[in-house]
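For reference, the structure is listed below as structure tokens.
All of the numbers you see were taken from the coordinates with simple rules; none came from a lab. Since the model is a prediction, treat every value here as computed from it, not as a measurement. Neighbour counts are summed over all protein chains in view; Cβ atoms, including those assigned to glycine, are modelled from backbone coordinates with ideal geometry.
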Amino acid sequence: MTATPALDPPARVLLGPGPSPVHPRVYRALSAPLVGHLDPEFIALMERTKDLLRRVFQTRNTLTLPISGTGSAGMEACMVNFVEPGDRVVVAVCGLFGQRLAEVARRCGAMVTAVEAPWGEPVPPEALAAAVMKERPKLLAVVHAETSTGVLQPVAPLADAARECGALLLVDTVTSLGGVEVDVDGWGIDICYSGTQKCLSCPPGLAPITVSDRALAALHQRHAPVQSWYLDLGMIEQYWGQDRVYHHTAPVSMAYALYEALRLIDEEGLPRRWARHQANHERLVRGLEALGLSLPVAAPWRLPSLNAVSIPDGVDDLALRRALLRDWNIEIGGGLGPLKGRIWRVGLMGHGATAENVVLLLTALGSLLAAHGFSVRPGAAVEAALAV
Ligand SMILES: *Cc1c(COP(=O)(O)O)cnc(C)c1O
């Protein structure tokens, strides 16, 4: 009888839409000894984690903590706690994650108005403001960084319209937090969630969220109990708060990982980290252009952490991505929905947003395209990238 193979995953260069590369210090944190989730040491770690999360979200919100679950659990928590059946919700939809937000709101019983824009563009803030004026919703929900298209949605212009109509502003920052500026208090965001495996460079498994006092007041005025017991923020708040009332068992190792990842962000400093993401995005863009490739998203809307690249005519999407993985150990993403087969998605997230990774990808992509008969010079692409 042959033994079941040992676990032996390859060390990939993760340049797709997530998960992103993990720093060695975060791997070490994952292997630290477990303590009980009510151990005084763990409680102290939770408190420090909440402080670090407030820094990265740029907020003073008391209710700031990681939900146990991936980014989608953060999304679901934000909807199920603040939306009751019959509530009106306005959602900006210009990609897969906007669609998912709308679907989760519908499943909470909301009357959803989707304000749409073509995939590859943001939803115009004026269109959202107009919809909010007309619908007077409980909630206006937008995706800051639309990972399916590589578009950055303007958020700062939305708060005034939301406030005027008494709507709460909910923002998905899964692919922006820790890579692109997110200013929860400065932009007037009421409810915000993220995920650990994008620009925070942790494994997937936690969803940091933050909730304004205005939103908390709305939560406390609910008519019915929150439909989801597991994602009930009132109960989770008591578990993470002073009372330490047992609700569920926090995933201790993931909490270690997030803590260490947040410390790394704190050491680097947010402005430097955003500038690093921006610089490597620009390197990648210059290099791709030198390879004759184009980006479908107009320059002002491009998301530094997730770059959409048009697949040139005559290139087999799947074959090229398989060759990248097999020959170069590099993962990039394919297109979703209407963009399937039309774009690649290159993530430069967190620990992965480096000039080395840009140079490696340009070299790999250039040589594979050259092998496919395209007249490209990978060296020229590297030079163009490094000139930034
Ligand atoms: C990845 C992602 C999510 C979902 O996160 P999971 O960790 O996959 O559940 C939600 N929103 C956006 C914008 C994302 O990129």
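Ordered by packing density, taken as the mean number of other Cβ atoms within 10 Å over each peptide's residues, highest first, how do 21-28, 4-11, 178-185, 249-256 rank?
The densest-packed peptide leads the list: 178-185, 249-256, 21-28, 4-11.
Using Cα pairs closer than 8 Å and at least 6 residues apart in sequence, work out the relative contact order for the chain, in percent.
Numbers: 787 pairs, mean separation 88.6, N = 388.
That works out to 23 percent.
Above 36 Å lies some portion of the pair distances; for the chain, what is it as a whole percent of all C-alpha pairs?
Roughly 25 percent, once rounded to a whole number.
Just subtract the alpha-carbon distance of Val245 and Ala371 from 0.36 nm times their residue separation and send over the number in nm, one decimal. Each step should come with its number before you reach the end.
Values: separation 126, 0.36 × 126 = 45.36 nm, distance 6.08 nm.
Contour length minus the Cα-Cα distance gives 39.3 nm.
Per residue of region 189-202, in order, report the coupling 6.51 cos²θ - 1.76 cosθ + 1.60 (Karplus, θ = phi - 60°) as ³J(HN,Hα) in whole Hz, putting x for Gly and Pro.
Listing the rounded values in order: 7, 8, 9, 9, 9, 9, x, 7, 9, 9, 6, 7, 6, 10 Hz.
Can you compute the modelled spin-label distance between Glu41 and Leu318, with each label point 7 Å from Cα toward Cβ, in nm?
About 4.9 nm separates the two model spin labels.
So in the chain, what percent of DSSP beta bridges are antiparallel if you round to the nearest 5?
50
Take each of the peptides 87-98, 228-239, 193-204, 38-49, average the number of other beta-carbon atoms within 10 Å over its residues, and list them starting from the highest.
Top of the packing list down: 193-204, 87-98, 228-239, 38-49.
Would you work out the relative contact order for region 222-377, in percent, from Cα pairs under 8 angstrom that are 6 or more residues apart?
Here the relative contact order equals 20 percent.
Give me the compactness ratio for region 20-159, meaning the Cα radius of gyration over 2.2 N^0.38 Å.
Working: Rg = 18.2 Å, N = 140, 2.2 N^0.38 = 14.4 Å.
In units of the 2.2 N^0.38 Å rule of thumb, it is 1.26.
On the principal axes of its Cα set, how long, how wide and how thick is region 277-388? Give whole Å, largest value first.
33, 30, 24 Å, listed from the longest principal axis down.
Determine which aspartates and glutamates satisfy two conditions relative to Lys134: a Cα distance under 15 Å, and not lying fewer than 8 residues away in the same chain.
Within the straight-line limit of under 15 Å, Lys134 reaches these aspartates and glutamates: Asp87, Glu126, Asp160, Glu164.
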